[in-house]
Amino acid sequence: MEPADTLYLAVCVWQHLFGRECVCLAWDTAGQERFRTITSSYYRGAHGIIVVYDVTDQESFNNVKQWLQEIDRYASENVNKLLVGNKCDLTTKKVVDYTTAKEFADSLGIPFLETSAKSATNVEQAFMTMAAEIKKRMGPGATTGGNEKSNVKIQSTPVKPASGGCC
């Protein structure tokens with residue numbers, strides 16, 4: 001049975017990330033072809049884009065190049081990218097090994113890590129890595145500036161501690 005086509009938005013607020021509140025909008029299209037026209041419009045305002053493939057599906061990894069080309073075509077020139085191999089908990093079904101994916105990411109100059117959404121392995125680390133890369137690029141105290149429309153809102157107001165997870 002194929003999973004249903006979905007377009008999913010998660011909004012997370014991390015408290016005290018690098019001394020500030022960080023709002024993360026995560027759009028998940030599950031790689032669905034039918035959402036390509038929609039997703040290309042979201043690339044334009046993004047500060048960072050995470051491309052996720054399934055480590056148990058070679059075709060999924062092969063499609064990464066096409067997704068990265070779309071990002072290069074529609075996103076800002078300096079958008080941060082992160083490559084993530086998901087389902088690393090399925091070691092017996094793994095067809096894309098870590099070294100292959102890491103070397104590919106290194107050749108493009110983008111960070112790489114493996115995650116498991118099922119066991120929550122490195123999921124938070126993926127978002128923290130992206131946030132750190134964006135922060136590094138933008139510099140301390142940076143705002144989006146310019147005329148670029150931004151999806152990142154940085155506030156210095158105190159926030160109440162959350163109980164439980166992010167989303």
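Please treat every number below as a calculation from the coordinates, not as lab data. The shown structure was predicted, so the numbers you read here are calculated from the model rather than taken from an experiment. Every residue, glycine as well, gets a Cβ built from its backbone with ideal geometry; the counts of neighbours run over all protein chains shown.
Taking other residues whose beta carbon is less than 15 angstrom from the beta carbon of residue 107, and scoring Lys, Arg as +1 and Asp, Glu as -1, yields 0. In terms of the mean number of neighbouring beta-carbon atoms within 10 Å, the peptides 51-57, 83-89 order highest first as 83-89, 51-57. Taking amide hydrogens as placed 1.01 Å from N in the peptide plane, the amide H of residue 56 sits under 5 Å from those of 95, each at least 5 positions away in sequence or on another chain. For the peptides 64-75, 91-102, 123-134, the ranking by mean Cβ contacts within 10 Å, running from highest to lowest, is 123-134, 64-75, 91-102. What distance in nm lies between label points placed 7 Å from Cα along the C-beta direction at residue 132 and residue 62? It is 3.4 nm.
Structure note, pairs 81/136; 65/93; 93/135; 94/118; 93/136; 81/135: Cα-Cα distances above 24 angstrom occur for 93/135; 93/136. The H on the amide N of residue 80, modeled in the peptide plane, is under 5 Å from the matching H of 48, 49, each at least 5 residues off or on a different chain.
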